[in-house]
Amino acid sequence: MKRIHFDAHDPRHKNGPGKAGSGSPVNSGAEKEINRAIKGDLQALHYVSADRPIPLAHTKNLLAEYIRDENERGWFMNAFTRIGRRPWFAGSLLTAAIAVLVLLVPFSYDRTVGQEVNLTVASPELTQEGIGRIANELAGSLGANDLTIRNAAGVNSFVVTARVDDRTSGKAMRTTMAFARALESEGYRAEASVEPIVERVSSNVYAAGFDRVCSISIDAVGRSDSEVEDDIRNQLISSGCFDNPEVRFTRSGDTSTITIQDENCDVDGGVGGFKCELKIEGDTPNGLEHEMLMIEAEGKTDAELEASIREQLEAKGIYDADISVSDGKVKVEIHKER
Amino acid sequence: MLELLAPLHDQAQATGRRLCRTSGEGDDLFQESVLRAFDKLSSLRDESRFRSWFYAVLLSRHRSRVRQGFWRRLLPLEDELEQGREPVGEDGGEWEERHLMATRASRALATLPAPQREAVVLFDIDGFSVDEVAEIQKTSPSAVKSRLSRGRQKLRRFYERLGMEGKERHGDEANSLRCARSST
């Protein structure tokens with residue numbers, strides 16, 4: 001007769017009876033009865049479960065059928081079936097497939113595809129031929145591929161509109177401003193503006209990610225602090241990286257400081273917004289171009305963040321930067337010979 | 001593989017039934033384990049350890065079924081009588097009583113987490129030693145002892161509750177401990 005082991009003894013205590021879960025002694029009458037009942041039931045389960053077993057011949061047939069099915073299915077279906085038997089593997093495979101789809105399947109987003117340069121020129125002596133010559137010079141300077149001239153409000157006033165393919169506004173802004181200053185020095189009244197041309201495009205996540213690098217061009221010569229701030233703010237908004245950034249531009253001696261802050265910026269996972277401070281030592285910025293690297297910092301350690309910044313800088317040909325990251329605060333010093 | 005399986009065929013099949021709530025589920029578990037063991041046979045290095053290896057496969061499939069089939073708990077327990085197994089001869093009454101007790105034990109075991117249930121079944125019913133259970137469960141003997149202790153505590157609590165319910169129902173044969181006591 002099969003002997004069922006179950007008793008009140010805790011297998012961890014070899015000497016004598018153990019204790020029940022409540023800590024009470026197990027030799028009370030009620031507990032003895034329960035232990036006896038459990039023992040009896042387990043013994044009954046032992047007999048019942050061993051009753052009328054499936055014959056070994058049946059298992060043999062099962063195996064034979066299984067082998068036959070495997071041979072008939074071929075390697076592809078067998079692999080598919082084996083994957084199906086491992087839910088964790090199938091889940092991982094599905095997740096990977098979804099990730100690839102998300103990265104490769106196109107979706108629509110706004111992208112800056114070029115810059116529209118508007119130069120308003122007015123002068124009492126300005127003729128059609130004269131504005132034509134100015135427009136051609138501007139187009140040549142910008143490398144514009146589309147040029148239109150129209151009359152503006154006022155006598156002898158024209159608006160030259162040029163379209164350039166640059167995704168960033170820096171070069172176009174610098175060239176146009178310099179062109180406008182040159183015209184003013186010749187006695188013309190000139191006003192320039194550069195607006196990004198934004199189009200809805202369809203592309204994948206990779207392409208969208210590359211679009212999030214934004215550049216700003218700082219030209220502070222002959223302009224007030226507030227004008228420079230407006231200029232930088234417009235460039236940041238047109239880059240698509242910021243919705244409503246707060247920009248402060250201050251000059252102190254040889255050092256110019258630009259502070260950019262946007263509480264709603266989704267860089268760094270949208271936690272705590274975005275804030276950065278650029279210090280430019282030396283002469284007043286004149287056509288200085290800054291490219292901002294938008295690095296996903298959430299979930300990265302300081303070392304990983306530093307490595308990521310260094311990698312992106314090196315990709316841009318900057319190898320001698322001093323980078324320090326401590327508690328998520330980033331300090332980058334780039335030594336550039338003038 | 002059949003040569004290796006033959007000596008423990010019936011015993012492992014019975015273990016499958018003990019781990020599950022019904023004989024049908026237990027048979028399915030055993031057959032799945034046989035096929036899985038066949039697939040993984042190349043990983044068996046020492047044929048003398050086939051017994052513990054096969055039981056480890058059985059427990060692996062059991063855990064997998066527990067994870068996948070939580071909805072099974074919502075299904076009613078099958079009555080062995082409905083499966084065409086009927087009491088025979090003069091021992092019909094004893095047969096029925098034994099099946100009621102076995103059903104109650106299955107219900108009690110079903111309340112345990114899978115590792116505790118396996119430990120109780122392998123040690124208390126199948127007669128494996130603590131070291132053997134530890135090898136099959138791929139854990140330490142102390143962990144097995146802990147599982148046994150906790151599993152038994154839970155079983156006792158289940159029976160305590162059952163006893164109280166039985167008293168409240170005044171003679172509910174399926175749930176009271178009366179038949180268990182009288183059989184011992």
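The values are calculated or read from the model by the stated rules, or taken from the named source; none is laboratory data. What you are looking at is a predicted structure, and each value in this text was computed from that prediction instead of being measured. With ideal geometry, Cβ positions are generated from the backbone for all residues, glycine too; neighbour counts draw on all protein chains shown.
Just a few scattered comments:
- On the stretch given as region A:236-255, residues that are under 25 Å from A:Glu191 (Cα atoms) and either assigned to a helix (DSSP H, G or I) or β-branched (Val, Ile, Thr) (or both) total 6.
- Selection from region A:53-69 of residues that are more than 7 Å from every other protein chain (Cβ to nearest Cβ) and not polar (S, T, N, Q): A:Pro55, A:Ala57, A:His58, A:Ala64, A:Glu65, A:Ile67, A:Arg68, A:Asp69
- The residues on offer are A:Ser92, A:Ser22, and the sole one that is at pLDDT below 85, of a type in the set (S, T, N, Q), over 30 Å from B:His99 (Cβ atoms) and part of a helix (DSSP H, G or I) is A:Ser92.
- For A:Leu45: the one exception among (1) surrounded by fewer than 18 Cβ atoms within 10 Å (Cβ to Cβ); (2) at pLDDT 60 or above: (1)
- Hits in region A:169-189 (condition: polar (S, T, N, Q) and either touching a residue at least 40 places away in the same chain (Cβ under 8 Å) or buried (at least 16 other Cβ atoms within 10 Å of the Cβ) (or both)): A:Ser169, A:Thr175, A:Thr176
- Against the list (1) more than 14 Å from chain A (Cβ to nearest Cβ); (2) modelled with pLDDT under 80; (3) assigned to a helix (DSSP H, G or I), the condition B:Leu59 fails is (2).
- For region B:158-173, the count of residues that are modelled with pLDDT of 90 or more and within 8 Å of another protein chain (Cβ to nearest Cβ) is zero.
- Subset of region A:135-167 (residues that are in contact (Cβ under 8 Å) with a residue 40 or more places away in the chain and in contact with a helix residue (DSSP H, G or I) (Cβ under 7 Å, 6 or more places away or on another chain)): A:Leu138, A:Val160, A:Ala162, A:Val164, A:Asp166
- In region A:133-156 there is at least one residue that is hydroxyl-bearing (Ser, Thr, Tyr), in a strand (DSSP E or B) and touching a strand residue (DSSP E or B) at 6+ places or on another chain (Cβ under 6 Å).
- Screening the candidates A:Val160, A:Val155, A:Val194, A:Val164 for the property of being out of contact with any Ser or Thr (no Cβ under 8 Å at 6 or more places or on another chain) and either crowded, with 21+ Cβ neighbours inside 10 Å or not assigned by TED's automatic domain parsing to the domain that holds A:Leu119 (or both) yields one hit, A:Val164.
- Count - residues of region B:119-163 that are in contact (Cβ under 8 Å) with a residue 60 or more places away in the chain and of a type in the set (A, V, I, L, M): 4
- In region B:20-30, residue modelled with the highest pLDDT [restricted to those that are at the interface with chain A (Cβ under 9 Å from one of its Cβ atoms) and more than 26 Å from A:Asn78 (Cβ to Cβ)]: B:Gly26
- Extreme residue, modelled with the lowest pLDDT, among residues of region A:210-235 that are in a helix (DSSP H, G or I) and of a type in the set (S, T, N, Q): A:Gln235
- Out of B:Ser48, B:Ser33, sole residue that is more than 14 Å from the chain's Cα centre (by Cα), within 14 Å of another protein chain (Cβ to nearest Cβ) and either surrounded by fewer than 23 Cβ atoms within 10 Å (Cβ to Cβ) or under 16 Å from A:Leu63 (Cβ atoms) (or both): B:Ser33
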